[in-house]
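As C-alpha cells, the structure follows; a few thoughts come after it.
The values are calculated or read from the model by the stated rules, or taken from the named source; none is laboratory data. Predicted model only: the values in this text are computed from it and were never measured. Note that we place each Cβ from the backbone using ideal geometry, even for glycine, and neighbour counts take in every protein chain shown.
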Amino acid sequence: MAYLEKEINRKVGKAIHSYHLLSQGDTIMAAVSGGADSLAMLYYLCQWKKKAPISFDIVPVYLEMGYNKKMTWPALKGHFSSLGLPFYLEETDIAPYAHSTKNRGKSPCFLCSWNRRKRLFELTQVLGCNKIALGHNLDDLIETFFINMFYSGEMSTMLPRQEMFNGVITIIRPLALVEKEKIQRLSRLLGLPVCRNECPSVSKSKREGIRQVLNFLYKNDRKIRGNIARAIFNIRPEYLPGLLPRA
C-alpha cells in the first residue's frame with residue numbers, strides 16, 4: 001500500500017503545484033458523493049493540509065441525491081467526524097425528480113449533475129468556501145473528452161482548475177492526473193467507507209458507453225490510456241484547423 005499511496009500522492013502533488021490548486025487562507029468545500037474518488041480526494045486534501053507550508057480549511061459536503069440515505073448518511077457522517085472536520089450533509093430529491101415524468105426531455109444524468117453543481121455553488125456562500133474540490137480523475141477527463149467530441153462536436157474536457165463567476169468560486173480537481181483503477185485499489189486498502197451508487201441510470205449513461213469502448217481498447221493495447229492522456233495535455237495547435245488564424 002505504501003508504494004501506491006506515494007505514487008498517487010506524487011501525482012496529486014504535481015496537480016497541486018502545476019495548476020496552483022491550493023492557496024493560503026482557502027476554505028475548500030470537498031464535495032463527497034460516497035464514491036471511491038471523492039473519498040480519496042478528501043483523504044489527500046487532509047494529508048496536504050498536515051504538511052503544506054500554507055494554511056487552508058476543508059469542509060466536506062455530502063448532498064444525498066435521493067436514493068442512498070440509509071446507506072451513506074451514517075457511514076459518511078462517522079467518517080467526517082473521525083477526521084475532525086466540520087461537515088455539512090443535506091438531503092435532496094434531485095435524482096427522483098430527474099427520473100420522474102416531471103422531467104420533460106432532459107437526460108436524468110445531465111439534470112442530476114446540473115442541479116447538484118448548482119446547489120454546491122449556493123452552499124459556498126452559506127459555508128464561506130472559495131473553492132470546490134471535486135473527485136474527478138484522469139479517466140473522467142479522458143471520457144469527458146470523447147463525450148464532448150462525439151455528442152457535442154467540440155474538443156474539450158474537465159480542467160484541473162477552473163474559475164467560475166469571474167473568479168468568485170474556483171473548482172479544483174486534485175486527482176486529475178490519477179488513474180481511476182489506482183484510486184479504487186487505494187480506497188480498498190485504506191478501508192474508506194465507499195457506498196454503492198443506487199441510481200437506476202448508473203449503467204445507462206453516455207459516459208458508461210464511452211467507458212466500455214475505451215476499456216475494450218485498453219485491453220488490446222496498454223499504452224492507449226497513457227497516450228490519450230498525454231494528447232489531452234499536449235495540444236499541437238498548428239495541426240488543429242480550428243486553432244489556426246483565419247485569413
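Among the residues of the stretch 11-41 satisfying the criterion of being more than 22 Å from residue 128 (Cα to Cα) and without any contact (Cβ under 8 Å) to a residue 40 or more places away in the chain, which is surrounded by the most Cβ atoms within 10 Å (Cβ to Cβ)?
The residue in question is 13.
Which of the residues spanning the stretch 50-76 are touching a Leu at 6+ places or on another chain (Cβ under 9 Å), surrounded by fewer than 20 Cβ atoms within 10 Å (Cβ to Cβ) and more than 19 Å from residue 121 (Cβ to Cβ)?
Residues satisfying the conditions are 52, 54, 56, 73.
If we scan the stretch 116-134, do we find a residue that is modelled with pLDDT of 85 or more, under 30 Å from residue 235 (Cα atoms) and assigned to a helix (DSSP H, G or I)?
Looking through the stretch 116-134, at least one residue is modelled with pLDDT of 85 or more, under 30 Å from residue 235 (Cα atoms) and assigned to a helix (DSSP H, G or I).
Tell me yes or no: at least one residue of the stretch 140-151 is among the aliphatic types (A, V, I, L, M), surrounded by 13 or more Cβ atoms within 10 Å (Cβ to Cβ) and in a loop (DSSP other than H, G, I, E, B).
Scanning the stretch 140-151, I find no residue that is among the aliphatic types (A, V, I, L, M), surrounded by 13 or more Cβ atoms within 10 Å (Cβ to Cβ) and in a loop (DSSP other than H, G, I, E, B), so the answer is no.
For the structure I just gave you, tell me whether residue 45 is surrounded by 23 or more Cβ atoms within 10 Å (Cβ to Cβ), in contact with a strand residue (DSSP E or B) (Cβ under 6 Å, 6 or more places away or on another chain), closer than 23 Å to residue 89 by Cβ and modelled with pLDDT of 95 or more.
Considered against the rule, which asks whether it is surrounded by 23 or more Cβ atoms within 10 Å (Cβ to Cβ), in contact with a strand residue (DSSP E or B) (Cβ under 6 Å, 6 or more places away or on another chain), closer than 23 Å to residue 89 by Cβ and modelled with pLDDT of 95 or more, residue 45 comes out as yes.
Any idea which of (1) among the aromatic types (Phe, Trp, Tyr); (2) more than 30 Å from residue 124 (Cβ to Cβ); (3) modelled with pLDDT of 90 or more is the one residue 233 doesn't satisfy?
Exception for residue 233: condition (2).
Out of 193, 174, 200, which single residue is modelled with pLDDT under 95 and closer than 13 Å to residue 40 by Cβ?
Exactly one residue qualifies, and that residue is 193.
Out of (1) modelled with pLDDT under 90; (2) surrounded by 10 or more Cβ atoms within 10 Å (Cβ to Cβ); (3) of a type outside the set (Asp, Glu), what's the single condition that is false for residue 239?
Only one criterion in (1) modelled with pLDDT under 90; (2) surrounded by 10 or more Cβ atoms within 10 Å (Cβ to Cβ); (3) of a type outside the set (Asp, Glu) is unmet by residue 239, namely (2).
Just to be sure, is residue 75 of a type outside the set (S, T, N, Q), over 24 Å from residue 49 (Cβ atoms) and at pLDDT below 90?
no
So which of 45, 39, 21 is within 14 Å of residue 185 (Cα to Cα) and not charged (D, E, K, R)?
39
Test residue 246 against the stated conditions and say whether it is modelled with pLDDT of 90 or more, basic (Lys, Arg), surrounded by fewer than 18 Cβ atoms within 10 Å (Cβ to Cβ) and over 26 Å from residue 121 (Cβ atoms).
no
Return yes or no: is residue 157 of a type in the set (S, T, N, Q), surrounded by 15 or more Cβ atoms within 10 Å (Cβ to Cβ) and part of a loop (DSSP other than H, G, I, E, B)?
In short, yes.
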